[in-house]
1. Return the residues of region 255-274 that are closer than 20 Å to ILE100 by Cβ, surrounded by fewer than 23 Cβ atoms within 10 Å (Cβ to Cβ) and not hydroxyl-bearing (Ser, Thr, Tyr); say none if nothing qualifies.
2. On the given criteria, is ALA329 farther than 22 Å from SER449 by Cβ and either basic (Lys, Arg) or touching a helix residue (DSSP H, G or I) at 6+ places or on another chain (Cβ under 9 Å) (or both)?
3. Among the residues that make up region 327-338, is at least one of them surrounded by fewer than 22 Cβ atoms within 10 Å (Cβ to Cβ), among the hydroxyl-bearing types (Ser, Thr, Tyr) and within 27 Å of the chain's Cα centre (by Cα)?
4. If only one of ASP438, ASP407 is of a type in the set (D, E, K, R) and on the phi > 0 side of the Ramachandran plot, which one is it?
5. What number of residues within region 11-50 are among the hydrophobic types (A, V, I, L, M, F, W, C), touching a residue at least 24 places away in the same chain (Cβ under 8 Å) and over 23 Å from PHE246 (Cβ atoms)?
6. Tally the residues that are farther than 17 Å from VAL271 by Cα and surrounded by fewer than 14 Cβ atoms within 10 Å (Cβ to Cβ), restricting the search to region 3-27.
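The values are calculated or read from the model by the stated rules, or taken from the named source; none is laboratory data. Since we're looking at a predicted model, the values are computed, not measured. Don't worry about glycine lacking a Cβ; one is built from the backbone with ideal geometry, like all the others, and counts go over all protein chains shown.
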Amino acid sequence: MKALALTGILVGAASLRSFLLHLRWFSGFEATVFAFLVWSYAGYEDWATKLTATYIFSMALLCLGLNILSILIRNKRPNLLMRLCGLASIFCSFSLNSMIFAYGLGFVALLLGERSDLGNKRSGKWSRPTTIALRFGDFLAVPIVYWISINYFFPKIGPYQQYYLIRIPTGAELLSRLRDFWQWGYVHLVTSGLFIIRTMPKLLLISFSGAGAIVLFASGTVKRDSDGISELRSAAWLPLFAIVAFVVLAAPYIVSGISPTGQFYESRHLVLFGIPLGLVSIAGYRIVAAVSAKDAVGRAAIGLVIALNLCALWNNYLFQQARWLRQAALIDDLRRKYPEPPAAVFNLVDGFADHGHALFGMTEITGALHTAWDARPLFGFCRRAERSTILQEMEPLVNKEGSAFRDMDIWGPQATIDFVPNPPILTYYALSLAYYRDLVSVSAHDTESLIDTLAKVNVQVSPITNLAPRSAQ
């Protein structure tokens, strides 16, 4: 999965840059920066999560397919094999359904790019885009073919069967969900980056060095030939397109009743939201360069944006690393102290939550139980993070075909796991940095001893308090 994710990032970034250059809207510098921001976007916190490697690969396939389509449009006699590869790439990218909307944005951008190539001629401005739409009708039909295939030939089963059913939101719900995407997509990114800037000068230095290297690398490409006035005009439409992209990319989730939350895994819904960030950043670069009349000032401004994004990425990675260390400590101590599971349903009382660490989700706790005691039908959750009706809510999934919770004995014997951190209790970033120091250290205090001394576990077999009783059948 690591190889899949890394391959996706490299192929996707190269394909996106090439696609942007074929649009002829961006210089080489701008296309490079845009692609970097999209493929390092810190609002998506799951870059290092193996489970979501398929999300990254789906986006890479979409970028590859759009790049192939842009190449085909430029050729009067497109290669049949390349055409089939482009269709297959785009079709397979739709395994993540939100890519359909991103594909629509990309296709419209290609048509608008062809229209702008016609210059200021009043007649025939739409003749070229119309011709392209007719020539590449098979590319227009791909989303329709995919949607028919997954609804009639390969329908979803299990809990995801109704996951993307359309639910028309009210006005208040629409605004609330858009606010969620704004909050967790961009405001949270800025606060995460600023946290690293304030508290970790070494990581700040690394981030600024990385941003400088990216800007220098991108600066080796061809610059746009334009004066300050035309630069300002060319920047004006980018924020407007960013707003449209933001709404369109959020639309499939909003109509399905889904929105991101503070839980890191839910950031998977933000995988495409580096696109609006890239558009606004390039607009800012053009405006600053035009107003200051110095391109170097504009590049310095874009370097600050990249540095802030890299700082937020560091924060996300430290958070994930500490989460893994805590989970490893929980698994090891359970396995060491309890050779057999003392119950079927477990409530985790996480002592780290009072010291800046986020609570585990029920899938993480259940996965930890299975790792400690093999694949028995065990279920774990954190009562502090769930409603009192959690077991009642899980009951339909126990008998659901395709459910990860199928055949679990959720009304079986219950127990509470006290997960108590050993002093000194480290914050998530201090814990991650301690782990990194142990990785490069030659002392006896290695990473295994860090995990072993991180916390202690005690299991109390008794009914879990404040849970709603089983409903009468």
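1. VAL255, GLY257, ILE258, ARG268
2. No, not satisfied.
3. no
4. None of the other options fit; the residue is ASP407.
5. 3
6. 2
For every residue, the table says whether it meets (1) farther than 30 Å from LEU23 by Cβ; (2) modelled with pLDDT under 95; (3) in a helix (DSSP H, G or I); (4) assigned by TED's automatic domain parsing to the domain that holds ALA307.
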{"position": "GLY185", "(1), (2), (3), (4)": "no, yes, yes, yes"}
{"position": "LYS202", "(1), (2), (3), (4)": "yes, yes, yes, yes"}
{"position": "ALA218", "(1), (2), (3), (4)": "no, yes, yes, yes"}
{"position": "SER226", "(1), (2), (3), (4)": "no, yes, no, yes"}
{"position": "SER230", "(1), (2), (3), (4)": "no, yes, yes, yes"}
{"position": "ARG233", "(1), (2), (3), (4)": "no, yes, yes, yes"}
{"position": "PHE241", "(1), (2), (3), (4)": "no, yes, yes, yes"}
{"position": "ALA283", "(1), (2), (3), (4)": "no, yes, yes, yes"}
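Residue-wise test of (1) among the polar types (S, T, N, Q); (2) surrounded by 14 or more Cβ atoms within 10 Å (Cβ to Cβ); (3) closer than 20 Å to VAL461 by Cα.
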{"residue": "MET362", "(1), (2), (3)": "no, yes, yes"}
{"residue": "TRP373", "(1), (2), (3)": "no, yes, yes"}
{"residue": "ARG384", "(1), (2), (3)": "no, no, yes"}
{"residue": "ARG406", "(1), (2), (3)": "no, yes, no"}
{"residue": "GLY412", "(1), (2), (3)": "no, no, yes"}
{"residue": "ALA415", "(1), (2), (3)": "no, yes, yes"}
{"residue": "THR427", "(1), (2), (3)": "yes, yes, no"}
